[in-house]
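Right, one structure below, let's go through it.
What follows is calculated from the coordinates using simple rules that are stated; it is not laboratory data. Everything numeric here is computed off the predicted structure, so don't read it as measured data. Note that we place each Cβ from the backbone using ideal geometry, even for glycine, and neighbour counts take in every protein chain shown.
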Ligand SMILES: C[S@@+](CC[C@H](N)C(=O)[O-])C[C@H]1O[C@@H](n2cnc3c(N)ncnc32)[C@H](O)[C@@H]1O
Ligand code: SF4
Ligand code: SF4
């Protein structure tokens, strides 16, 4: 395991311990020192009303599901339809899952994923007490979702992705599990100014949904690289009023604000470019190939073929490929280039030798 992964795991462990404590105390941890915060508030209903949830929504979920942990209302932008499959990243006590379950109805299905076992137990108890048959909660990390490829219509999430030390992975995973044309409807905290290093390193501020936030251009770039289109990120300036209370006196409202993040997973038919491999510069060694694990759509595979001079070939599944271009960026031999769809490539561009060439 690399140092980077170790650090990411340390961050996740700190965040997990924080939310385990929140779950045990039923939503009041005061991790960032504030009276209210994304890690818990004694007055969850009032907090959620401020975030845009209606009185009917608040009354419609099992007692204890709303722990006041959000920073917006993803339901308001998700436009959920009956029969849809919805995935909630970092589902906490299940609040947004239960609201989504009512919108998608008995033909629909809602999956909540959370990495904190104490939260998961709470959410499962809430599902039983509320009699929800179309909701399930799975233990897992949003960087490695326990969800099948292309199986979800809509991903929602409320104040969670900022907590991840590996946000690009989260967006790649989101793209993997969404069906082509599937949508992302997220409320999260974004950075509106450069967060000072002493704040970035303050674990209480990381767990409090403040210090780990990325800027809007960073989020846009990660979404684009993961294969999303129609990206719309809207910062809610007014949110700085209540965010100030998450860590009074620290001036955090100068650095972060709540935002809605919307995007659509590119459908293969919408791609305008496709990857083309110049076999002269490719060693076709599946053990070293950097592009197979990097493809967010899992559209690249090694195919064993005794007819080939070196016993196999690297193949693209263009039905799955959305033209994101990541393979061309990471191919160590620069053997892959992106070409306009429909163009016949007579001679692939010259490329330097691949580092994995035998
Ligand atoms: C601020 S709370 C939000 C909970 C819920 N979305 C809500 O609005 O009530 C963050 C939740 O995300 C979970 N979480 C944080 N990082 C995660 C990760 N990397 N993978 C899975 N869950 C994560 C935490 O365990 C916690 O339950
Ligand atoms: S040249 Fe590129 S495609 Fe070929 S094996 Fe190396 S990384 Fe894979
Ligand atoms: S362009 Fe490359 S990395 Fe992107 S989806 Fe297609 S094959 Fe995968």
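Give me 88, 10 ranked fewest to most by other Cβ atoms within 10 Å of their Cβ, as a rough exposure proxy.
Ranked by crowding around the Cβ, least crowded first: 10, 88.
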Per q in 0.09, 0.10, 0.11, 0.15 Å⁻¹, report the Debye log10 I(q)/I(0) for the chain, using one uniform scatterer on each alpha carbon and no solvent. -0.53, -0.64, -0.76, -1.21
Expressed as an acute angle from 0 to 90° and rounded to the nearest 10, what is the orientation of the C-alpha long axis of helix 167-177 relative to the principal long axis of the chain? 80 degrees
Please determine, in degrees from 0 to 90 and to the nearest 10, the orientation of helix 95-104 with respect to the longest principal axis defined by the Cα atoms of the chain, where the helix direction is its Cα long axis. 70 degrees
Of 180, 217, 165, which is the most mobile in a GNM of the chain whose springs link Cα atoms less than 10 angstrom apart? 217
Tilt of helix 117-130 relative to the longest C-alpha principal axis of the chain, in degrees (0 to 90, nearest 10)? 70 degrees
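Need one number: % antiparallel among DSSP beta bridges in the chain, to the nearest 5.
55 percent
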CD proxy at 222 nm, helix term only [per DSSP H run n ≥ 4: -39500 (n - 2.57); per residue of the chain; nearest 500]: -8000 deg cm²/dmol
Pick out which of 270, 141, 245 has the largest mean-square fluctuation in a Gaussian network model of the chain, springs linking Cα atoms closer than 10 Å. 270
